[in-house]
């Protein structure tokens, strides 16, 4: 049995000079239209009025007729309309308090991209033609598209390192779930080890950012010495810094993809901790290490892959004292400083590895929550009479 999902397949491509010029012009027009529409909606918001997508679309037609913005007619109209739709989505998320108020796009800091719908591109026999372009994109097919998959939306982007990407969203692609299994695993995320499993396996933290920190610092110093402006030397130095950042991000993403695919393939139920990463990175002594570990990205990958392949991901409450709870007898330690990595239970005398013990407790709690935890022992009460699952730790546990 296969499930129907939408998947995006991202590839690099090498544009010709004419294509690069056309796409750069399109990126600028998309950014201009988005900012103009956002300014118009902001002014209306100050007057306690609302402007919807249809009104901004009418504004776009009027802008094209002016002498100042006549250049908007030189690019495909589809990416411009898509920019207005994205702005409408951003406001919709703001109104329901899912996101902050939309911000203006910056030429230097914002992602350069343009989205084409099916009316603005043609995909025939492995060749992709975009509107306003006579030649197909020279795509590097690192992997083939699934058989019978036809892209419904194409997004072209350029990152800060100057690399060009095309992302093709394919609809109704058949994804075959993995065979069912009765295995479950608890996953404890950390810094000394990236992941510690309830089976006792420890996955080392490669610390990608630390490996390239000296190289990155040198490139950043060289960039700071360049005169500010649009000079060629500053542009080269900026691209050099961006390439180092891209190298770090690519290696991190590659490792997380491999780990999450392996975990989803081998386990039916995966239990993780509901970490408040946004709050944890405010710790100035660990913010860089936490960001480099990319716990949020790991969770996102784990959740969407589990949904694809018929697995279950259970997130245990972040205040659950997984590190201070004995996985053998259920006794709760009063304090557990972060520097303590091995401890002995006062009640049963069992010696625990802090992270392995935490992953075992997460697994037991997750199985109890999901309703498939046969043999999961109820938690003991502490000497003070408070339940172990309700007592909050004095410090944030990693």
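Of note:
- Tallying residues that are outside any helix (DSSP H, G or I) and closer than 29 Å to residue 252 by Cα within the range 212-229 yields 1.
- Among the residues of the range 156-190, the ones that are at negative phi and part of a strand (DSSP E or B) come to 20 in all.
So that you can scan it fast, the table gives a plain yes or no per residue for (1) surrounded by fewer than 17 Cβ atoms within 10 Å (Cβ to Cβ); (2) under 23 Å from residue 182 (Cα atoms):
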{"position": "269", "(1), (2)": "no, yes"}
{"position": "273", "(1), (2)": "no, yes"}
{"position": "302", "(1), (2)": "no, yes"}
{"position": "312", "(1), (2)": "yes, yes"}
{"position": "325", "(1), (2)": "no, no"}
{"position": "329", "(1), (2)": "yes, no"}
{"position": "337", "(1), (2)": "yes, no"}
{"position": "341", "(1), (2)": "yes, no"}
{"position": "360", "(1), (2)": "no, yes"}
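- Residue 30 passes every criterion in (1) exposed (fewer than 15 other Cβ atoms within 10 Å of the Cβ); (2) within 20 Å of residue 109 (Cα to Cα) apart from (1).
- Filter pass, residue 50 being assigned to a strand (DSSP E or B), farther than 19 Å from residue 115 by Cα and modelled with pLDDT under 95: no
- Residue 63 being surrounded by fewer than 16 Cβ atoms within 10 Å (Cβ to Cβ) and assigned to a helix (DSSP H, G or I): no
- Between 114, 90, the distinction of being within 20 Å of the chain's Cα centre (by Cα), assigned to a strand (DSSP E or B) and within 21 Å of residue 169 (Cβ to Cβ) belongs to 114 only.
The values are calculated or read from the model by the stated rules, or taken from the named source; none is laboratory data. Here the structure is a predicted model, which means the values were calculated and not measured. So basically every Cβ, Gly included, is an ideal-geometry build from the backbone, and we count neighbours across all protein chains shown.
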